[in-house]
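Everything on this sheet refers to the single structure shown next.
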C-alpha cells in the first residue's frame, strides 16, 4: 500500500472522517510505526549490497549508494578477517602505547568511517550495512524495502494510535494486539525466508577479540 491507501484504510477501520483527523496526524502515526518496526531487529530485508570503497583515513558514508542505517562488517579486499570495530577512547588508549601490534581498526563518528592506520587510497575495502528505509511524504510513496504483504503491521499501529487519541482504550488495545501479532509474523517470515536461515545472532571465534557464541563453533 502507498501512503494514501494506508490513510484511507486507517480511516475506514477507525470510522474517522477526513475532516476529523488531518492527514498529517495519520502520517505521524504511520512514520512512527515504520520507525518502531525498523528498530525492532536487524531485518534481512534491510541488507544492502556490498559497498566497495578505496579509503584513506576517513570516508563519508553519505556518499554510499543507499542511506546507511547501521554498518555491521568491514573487510579489506583479499583478507579473510573483518576489520575490528573500535571506539575513539579505545583507539586513543592503543595509540598511547599500551597495546602492541595493533591491527587495522575502524570507528564510526557521525557520517564518517575512520580507519587506523589509514589506507593509501588504492585498496578495495568492502562495507556491509543495513540500509535506512525510505517512506516519503507523497501519497504515492510506499515503505520500502519492507515486504509489501506486511504493510498491515504499519496500519494496525496507526489504528491503535487513532483509537488511543479517541480515548477508546478497548479498541486501542485490540489494534495494539493486532500490531504485535503481525510483527511476530514478520519476524517468522524474516527468519524462515532469509538465505542464511535459521537466523542466529552471534559471531565465530575466528573474528579477533570479538564476542562469539559457543554453540556456533564448539568453543
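Quick notes
- Test: residue 142 is assigned to a helix (DSSP H, G or I), modelled with pLDDT of 90 or more and either assigned by TED's automatic domain parsing to the domain that holds residue 36 or within 18 Å of residue 44 (Cα to Cα) (or both): no
- Count of segment 145-160 residues which are closer than 17 Å to residue 184 by Cβ and outside any loop (DSSP other than H, G, I, E, B): 10
- Scope segment 110-126; condition touching a helix residue (DSSP H, G or I) at 6+ places or on another chain (Cβ under 8 Å) and either at pLDDT below 90 or exposed (fewer than 10 other Cβ atoms within 10 Å of the Cβ) (or both); matching residues: 116
- Test result for residue 133, under 17 Å from the mean Cα position of the chain (by Cα) and more than 21 Å from residue 14 (Cα to Cα): yes
The values are calculated or read from the model by the stated rules, or taken from the named source; none is laboratory data. These numbers were taken from a predicted model, which means no experiment stands behind them. Heads up, the Cβs are rebuilt from the backbone with ideal geometry, glycines too, and the neighbour counts pull from every protein chain shown.
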